Amino acid sequence: MRRTAVRLLLAVLVTLATCLGGAPAQAAVPDSPAVTYTNPITEKRADPHIFKHTDGYYYFTATVPEYDRIVLRRATTIQGLKSAPETTIWTKHTSGVMGAHIWAPEIHFIDGKWYVYFAAGATNDVWAIRMYVLEGTGANPLTATWTEKGQIRTQWESFSLDATTFVVGGVRYLAWAQRDPSVNNNTDIYLARMANPWTITGTPVMLSRPTHSWETVGFKVNDLLSQASWSKSPTPVFASSAATGQYGPGHNSFTVSEDGKSDILVYHDRGYKDISGDPLNDPNRRTRVQKVYWNADGTPNFGIPVAGGVTPQRFSSYNVPDRFVRHYDYRARIEANVTKLADSQFRVVPGLAGSGTVSLESANFPGYYLRHKNFEVWLEKNDGSARFASDATFHRRAGLADPAGVSYESYNYPGRYVRHWEYLLNVQAVSTATDRADATFYAQ
């Protein structure tokens, strides 16, 4: 009886708004619409760095398992990097410095020239790891003329690596990891201004020292996680996920989507937990990407390393724009401030019941799908039955309240759509403007 009364009141309000020339409340089309990729981007490429240039190309470099050269690829899309031909632009020295352990290259375009930052050891001491710079002249770095600018000199002559550079307020900085000879650890994180792309100036500042338990597993090491955030979380912001089968995510960089509207995390990981023997001899770190989301307080939310295959999306409500579809205790609902990001991420996959349809698979519970049961929407594990397949399959339609959005019509109950009611998701028939608004979502 209460729901009937509420529905009648809503209908009256919608009718009154229409008569007064108004319309039901609605959200603007999201500034950052959904983007999806298929992981991995490439096998056997670690420490990946992807740079989107103004010429319309993405440039990709990474550590190769042989640790003996620097390679580049380019493509007009991130996904296109997977099949793009690879060019070797530099090989290690046959003797002396820069003769071993060629690690973690990054490519940047600075003041009209290309620069590659990388770490290298020496033939007579492979662990004398230092930071070096190459300079490239030419529009296309794959065919540019490359020269060695030499070692980046810091406050000590000690183990140093993983240099990255960025500009804030018109000032260029270098961030890197280095061992303080007076401290018993592997590396701290340092930051300094740059006089030019291969020279720091002034006194470097230590930003972070490995102190938490998760930073001192095996070795006391700090990795640069984000160029935009220098405060340290007490727990990792991105960690292995047994649920998705992704282990050892690390050494990340960032780029932007093809439309420039989404931030993209680029990282490596492995498809198994345990490594036999020396980790340096394991070639199976692979390059992966996924969208970065942002919490209400402005901090990034990386979620979990998602399963292989198509990357997931989020779905915001058309008429309650701060709320996203999520599962909670396996019940599907819309909710604001979902900091456990993966609860609100779903992979749009081919429908379990038929061609031309889709199913929505949970990001953090692979094999679990949104399905209706007694016309309520739940997250449940696929039991392989025809009934489950039908209940978990939908026709993807243009948004009923806004064609820029999306609506999901039940496969086995045509005319019924996924919609929110008192913030819970149900499969119901739609007839009013409010119904259509409740059944419309934006993919993000």
### Unmet criterion (only one of (1) closer than 19 Å to Thr36 by Cα; (2) open to solvent by less than 10 Å² (accessible area, probe 1.4 Å); (3) acidic (Asp, Glu)) for Glu361
(2)
### Message
Anything in segment 109-131 that is in contact with a Pro (Cβ under 8 Å, 6 or more places away or on another chain) and either part of a loop (DSSP other than H, G, I, E, B) or surrounded by 18 or more Cβ atoms within 10 Å (Cβ to Cβ) (or both)? List them, or say none.
### Response
Asp111, Trp114, Tyr115, Val116, Tyr117, Phe118
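Condition check: at pLDDT below 95 and in contact with a strand residue (DSSP E or B) (Cβ under 7 Å, 6 or more places away or on another chain). Does Thr339 satisfy that?
Numbers: at pLDDT below 95: yes; in contact with a strand residue (DSSP E or B) (Cβ under 7 Å, 6 or more places away or on another chain): yes.
Yes, satisfied.
In segment 50-74, what residues are part of a strand (DSSP E or B) and open to solvent by less than 10 Å² (accessible area, probe 1.4 Å)? Step through it out loud before you land on a result.
Initial filter on segment 50-74 (part of a strand (DSSP E or B)): 50-52, 58-63, 69-74.
Ile50, Tyr58, Tyr59, Phe60, Thr61, Ala62, Thr63, Ile70, Val71, Leu72 - these are the residues of segment 50-74 that are part of a strand (DSSP E or B) and open to solvent by less than 10 Å² (accessible area, probe 1.4 Å).
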### Of all residues in segment 156-194 being in a loop (DSSP other than H, G, I, E, B) and polar (S, T, N, Q), the one that is modelled with the highest pLDDT
Ser158
### Message
Please verify whether Glu409 is open to solvent by 10 Å² or more (accessible area, probe 1.4 Å), within 32 Å of the chain's Cα centre (by Cα) and over 16 Å from Arg331 (Cα atoms), treating the condition exactly as stated.
### Response
yes
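Identify, please: which residue in segment 157-180 is over 26 Å from the mean Cα position of the chain (by Cα) and among the acidic types (Asp, Glu) and is, among those, surrounded by the most Cβ atoms within 10 Å (Cβ to Cβ)? Break it down stepwise before answering.
Restricting attention to segment 157-180, the residues satisfying the condition of being over 26 Å from the mean Cα position of the chain (by Cα) are 157-160, 170-171, 178-180.
Retained after the next criterion (residues that are among the acidic types (Asp, Glu)): 157, 180.
Numbers: Glu157: 11, Asp180: 17.
In this case the residue turns out to be Asp180.
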### Task
Kindly list the number of the only condition in (1) in a strand (DSSP E or B); (2) open to solvent by 10 Å² or more (accessible area, probe 1.4 Å); (3) more than 25 Å from Arg172 (Cα to Cα) that fails for Ala84.
(1)
### Query
Any residue in segment 199-218 that is modelled with pLDDT of 95 or more and hydrophobic (A, V, I, L, M, F, W, C)?
yes
## Note on the structure
Flagged pairs (Cβ under 8 angstrom, 6 or more apart or on separate chains; first in segment 222-241, at pLDDT 85 or above; second open to solvent by less than 80 Å² (accessible area, probe 1.4 Å) and polar (S, T, N, Q)) are Val237/Ser226; Phe238/Asn252; Ser240/Gln246; Ser241/Asn364
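Take Ala389 and decide whether it is farther than 20 Å from Thr36 by Cβ, assigned to a helix (DSSP H, G or I) and open to solvent by less than 20 Å² (accessible area, probe 1.4 Å). So that I can check it myself, show each step before the final result.
Numbers: farther than 20 Å from Thr36 by Cβ: yes; assigned to a helix (DSSP H, G or I): yes; open to solvent by less than 20 Å² (accessible area, probe 1.4 Å): yes.
So Ala389 passes the test.
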### Query
Using beta carbons and a limit of 7 Å, which pairs, at least six apart or on different chains, have the first residue in segment 168-192 and under 21 Å from Asp111 (Cβ atoms) and the second one outside any strand (DSSP E or B) and open to solvent by 20 Å² or more (accessible area, probe 1.4 Å)?
Ala175/Leu224; Ala175/Gln227
### Task
Any chance you could count how many residues in segment 332-345 are assigned to a strand (DSSP E or B) and open to solvent by 30 Å² or more (accessible area, probe 1.4 Å)?
2
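Looking only at segment 355-377, how many residues end up being assigned to a strand (DSSP E or B) and touching an Asp or Glu at 6+ places or on another chain (Cβ under 9 Å)? Reasoning before the result, please.
Looking only at segment 355-377, we keep the residues that are assigned to a strand (DSSP E or B), and these are 358-362, 368-373, 376-377.
Within this subset, residues satisfying the condition of being touching an Asp or Glu at 6+ places or on another chain (Cβ under 9 Å) are 362, 368-373.
Selection size over segment 355-377: 7.
The values are calculated or read from the model by the stated rules, or taken from the named source; none is laboratory data. All figures in this text were calculated on a predicted structure; none of them were measured in a lab. Cβ coordinates were reconstructed from backbone atoms using ideal geometry, including for glycine residues, and neighbour counts include every protein chain displayed. Surface accessibility is based on the protein's heavy atoms, side chains included, excluding ligands, DNA and RNA. Shrake-Rupley method; radii C 1.70, N 1.55, O 1.52, S 1.80 Å.
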